[in-house]
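The structure appears right after this line, and notes come after that.
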Amino acid sequence: MESRILILLMEVVVAVVGTITFGKYKHNTLRYFLLYLWGIVLLEVVGNFMQGQLEVSNLWLYNTFIILEFPLLVLWYRSFITSVQIKRILLSLTGGFLVFAGINTWVMQSFWVVFQSFNFIAGATSLIIAIILYFNEVLHTDKILIIQRGLLFWVSVGFLFFYASVIPIMITGNMLHHDGVVYNSFMLILNIILHICFLIGLLWGKKKFN
């Protein structure tokens with residue numbers, strides 16, 4: 001079975017589990033995580049259908065998702081932070097990314113022709129910064145004692161590991177062929193780890209800690 005199909009199956013499983021356990025985290029902005037999960041499933045279904053069945057480019061679809069995904073995730077993390085200063089930093093980070101994405105699309109990487117790796121790297125970096133700032137704030141509160149029983153902790157661990165591992169691949173560019181066995185195997189392993197983290201958070205997390 002192709003790795004992209006396995007990844008899609010994992011995404012569906014996590015989205016279904018997220019739906020079943022929705023009662024654990026529906027009381028605050030964690031509830032938007034379920035929309036994210038099903039959004040990923042929809043993206044992959046449409047993207048795979050366009051490439052495999054229609055045999056047309058799906059680059060514009062993924063490039064659009066990149067521009068939307070990272071600012072929304074950074075703003076999502078912003079909702080969990082209490083520090084006004086950090087909130088301002090994350091808001092500026094979001095604005096800076098959108099400006100960069102616009103310039104990159106207009107000047108460097110075509111929206112329709114190539115995968116916009118520069119936007120991906122910038123967006124993933126901004127998300128990593130947001131997660132680190134969130135963890136830094138939690139470390140200075142009593143939440144540190146129970147953080148591992150909350151969904152957001154495991155989502156953050158998954159995101160950190162995944163994007164910190166993918167960014168070097170994007171930076172090195174063509175050192176790994178994006179249709180090759182090594183690249184596909186690497187991405188499959190990272191996706192397995194990412195979705196295991198999501199599942200741990202959804203299944204093991206407690207409502208009172210979310």
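The values are calculated or read from the model by the stated rules, or taken from the named source; none is laboratory data. The model shown is predicted, which means the values in this text are computed figures rather than measured ones. Counting neighbours? That spans all protein chains shown, and the Cβs are built from the backbone with ideal geometry, glycine included.
Within region 1-47, if we keep just the residues that are polar (S, T, N, Q) and touching a Leu at 6+ places or on another chain (Cβ under 7 Å), the residue that is farthest from L73 (Cα to Cα) turns out to be S3. Residues of region 105-121 that are buried (at least 16 other Cβ atoms within 10 Å of the Cβ), touching a Ser or Thr at 6+ places or on another chain (Cβ under 9 Å) and closer than 18 Å to S57 by Cα: Q109, F111, Q116. All conditions but one from (1) part of a helix (DSSP H, G or I); (2) β-branched (V, I, T); (3) without any contact (Cβ under 8 Å) to a residue 40 or more places away in the chain apply to V56; the one that does not is (1).
Pairing residues of region 1-24 that are within 18 Å of L43 (Cα to Cα) with residues that are not in a helix (DSSP H, G or I), at Cβ distances under 9 Å and at least 6 apart in sequence or on separate chains, gives L9/M1; G18/Y25.
Residues are listed down the side, and each one gets a yes or a no for (1) of a type in the set (V, I, T); (2) within 22 Å of L127 (Cα to Cα); (3) exposed (fewer than 14 other Cβ atoms within 10 Å of the Cβ); (4) at pLDDT 95 or above:
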{"site": "G23", "(1), (2), (3), (4)": "no, no, yes, no"}
{"site": "M50", "(1), (2), (3), (4)": "no, no, no, no"}
{"site": "V56", "(1), (2), (3), (4)": "yes, no, yes, no"}
{"site": "I89", "(1), (2), (3), (4)": "yes, yes, no, yes"}
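Per the conditions (1) modelled with pLDDT of 95 or more; (2) surrounded by fewer than 16 Cβ atoms within 10 Å (Cβ to Cβ), the sole criterion not satisfied by M175 is (1).
Scanning region 58-82 for residues that are touching an Asp or Glu at 6+ places or on another chain (Cβ under 9 Å) and surrounded by 14 or more Cβ atoms within 10 Å (Cβ to Cβ) returns F80, I81.
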